[in-house]
1. Can you find a residue that is within 12 Å of ALA393 (Cβ to Cβ), surrounded by 15 or more Cβ atoms within 10 Å (Cβ to Cβ) and of a type in the set (S, T, N, Q) anywhere in the stretch 307-324?
2. Filter the stretch 125-144 for residues that are part of a loop (DSSP other than H, G, I, E, B) and out of contact with any helix residue (DSSP H, G or I) (no Cβ under 7 Å at 6 or more places or on another chain); which is nearest to VAL164 (Cα to Cα)?
3. How many residues does the stretch 163-187 hold that are part of a helix (DSSP H, G or I) and either within 15 Å of THR66 (Cβ to Cβ) or in contact (Cβ under 8 Å) with a residue 24 or more places away in the chain (or both)?
4. Take the conditions surrounded by fewer than 17 Cβ atoms within 10 Å (Cβ to Cβ) and either within 25 Å of VAL280 (Cα to Cα) or aliphatic (A, V, I, L, M) (or both) and apply them to LYS364. Does it pass?
5. Restricting the search to the stretch 213-239, which residues are assigned to a loop (DSSP other than H, G, I, E, B), out of contact with any Lys or Arg (no Cβ under 7 Å at 6 or more places or on another chain) and surrounded by 21 or more Cβ atoms within 10 Å (Cβ to Cβ)?
6. Restricting attention to the stretch 154-172, does a residue exist that is touching a strand residue (DSSP E or B) at 6+ places or on another chain (Cβ under 7 Å) and of a type in the set (Lys, Arg)?
7. Any chance the stretch 270-288 includes a residue that's crowded, with 16+ Cβ neighbours inside 10 Å, more than 20 Å from TRP322 (Cβ to Cβ) and of a type in the set (Ser, Thr, Tyr)?
8. Kindly evaluate ALA310 against the criterion of being within 32 Å of the chain's Cα centre (by Cα), under 27 Å from THR274 (Cβ atoms) and not charged (D, E, K, R).
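The values are calculated or read from the model by the stated rules, or taken from the named source; none is laboratory data. Predicted model only: the values in this text are computed from it and were never measured. All Cβ positions, even for glycine, are placed from backbone atoms using ideal geometry, and neighbour counts span all protein chains on display.
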Amino acid sequence: MKKSFQSIILAGWLAFAFMPSLWGQTPAFPWPEGKKMALSLSFDDARKSNVDLGIPLLDQYGIKATFFVLPAAVESNLTAWKKAIAVGHEIGNHTMIHPCSGNFIWARERALENYTMDRMQKELIRANEEIQSLLGITPMVFAYPCGQTFIGKGVHTQSLVPLVSEMFLAGRGWMGEAPSDPHYADLAQLTGMEMDGKSFQEILPLIESASKNGQWLVLAGHDTQDSGNQSTYLSFLRDLSEYVNDPDNGIWVAPIGTIAQYVNETRMAIADTTNIPELVRADLGNQLILTAEKGRGIGPDIKYMPDWKAFGWFTSKDKVVWDVAIPSDGEYEAWLEWSVSDEEAGKEFLFQAGNESIRGTVEKSGSWETFKKKSIGKMTLRAGYVQMEFKPAVEFEEEALLDLKEIILKKVD
């Protein structure tokens with residue numbers, strides 16, 4: 001699977017690398033075979049109507065879905081669930097006993113407010129073991145019961161997301177308000193958008209929006225029957241299946257785990273060629289590496305250049321901003337990696353972090369293609385969040401400042 005994914009990634013990336021995107025700096029996400037979007041169908045609780053009605057209908061159209069199961073429910077229809085796996089449907093973990101907030105009266109005896117992280121971890125492990133024993137597979141994906149991602153109450157509240165991130169390839173929520181962005185979404189917090197009780201015409205705008213923006217739409221439901229509470233209607237599934245099977249609509253339909261694996265591998269393959277601003281945290285060596293990929297270009301004409309993995313300046317009003325988490329108080333030395341032509345060298349720059357700043361002159365690097373790294377000075381920083389920015393220190397007209405690849409902050413012992 002890995003080899004086929006990598007070949008798809010490379011082919012897709014070449015095809016889409018320079019298409020415009022929502023951010024301007026970021027290419028469109030390369031879905032396989034030039035698809036416009038991805039779609040996953042998911043169903044919770046291992047309900048009997050899934051194996052009786054839903055799976056047979058989906059099989060007619062060749063569509064494979066993800067089913068987040070409770071082991072006891074699987075055991076009551078074991079033969080049918082084994083058949084579902086055999087034809088390519090995915091099984092996910094949905095805990096042992098479906099704990100939810102005690103605010104739901106029916107969940108009071110298994111309230112998340114009364115859970116500890118240790119208790120939840122043991123329950124997820126046990127559910128995996130039960131599913132492995134029953135079906136011969138270990139789930140790679142998880143759905144939060146009731147879509148709730150916490151345990152505890154008040155000052156004792158903790159997030160389940162880190163645990164799910166450690167144990168599973170992906171975690172799906174419930175009642176989300178937008179599709180997931182494949183460049184940016186936390187795979188442990190995928191949005192699950194409700195399809196229970198909906199007609200195809202009600203869901204179609206979500207599909208069209210996801211297609212336009214190159215997103216991943218994860219639909220979530222429960223029962224699969226003609227009517228009823230918490231039911232994804234069979235009529236909806238028929239209409240949806242016919243629509244997504246039309247190649248002109250450009251939709252890649254696959255289980256959550258399949259798409260999550262592809263997204264994860266694609267991100268790694270293109271990580272240093274895409275500009276996705278995100279919080280900069282210290283690495284294992286306690287360094288803060290402010291790469292161009294993680295910075296936010298602001299200004300009338302600043303450009304992120306994937307071939308050079310750098311930002312290029314074209315006006316004095318351009319700047320790059322990073323959100324940074326300083327690990328500890330202290331003095332930090334800043335190292336700049338840049339390139340510039342001899343003709344454009346010599347302009348002054350300003351690197352700021354809160355009230356601290358370093359002012360310097362852009363030295364010659366040899367050419368635009370030759371990058372150089374040098375210490376530009378030191379600044380005293382306090383632990384916590386700070387916004388840092390690099391910009392020209394003086395105004396100039398229609399000239400370049402430099403090409404900026406990264407700034408590294410090293411704590412001075």
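1. For the stretch 307-324, residues within 12 Å of ALA393 (Cβ to Cβ), surrounded by 15 or more Cβ atoms within 10 Å (Cβ to Cβ) and of a type in the set (S, T, N, Q): present.
2. Our first condition is that a residue be part of a loop (DSSP other than H, G, I, E, B); within the stretch 125-144, this holds for 136-140, 144.
Okay, now just the ones that are also out of contact with any helix residue (DSSP H, G or I) (no Cβ under 7 Å at 6 or more places or on another chain), so 136, 144.
On the way: GLY136: 21, TYR144: 9 Å.
Only one residue tops the list, namely TYR144.
3. The qualifying residues number 4.
4. no
5. GLN215
6. So far as the stretch 154-172 goes, yes, one or more of its residues are touching a strand residue (DSSP E or B) at 6+ places or on another chain (Cβ under 7 Å) and of a type in the set (Lys, Arg).
7. No, every residue in the stretch 270-288 fails to be crowded, with 16+ Cβ neighbours inside 10 Å, more than 20 Å from TRP322 (Cβ to Cβ) and of a type in the set (Ser, Thr, Tyr).
8. Judged against the criteria, ALA310 is a match.
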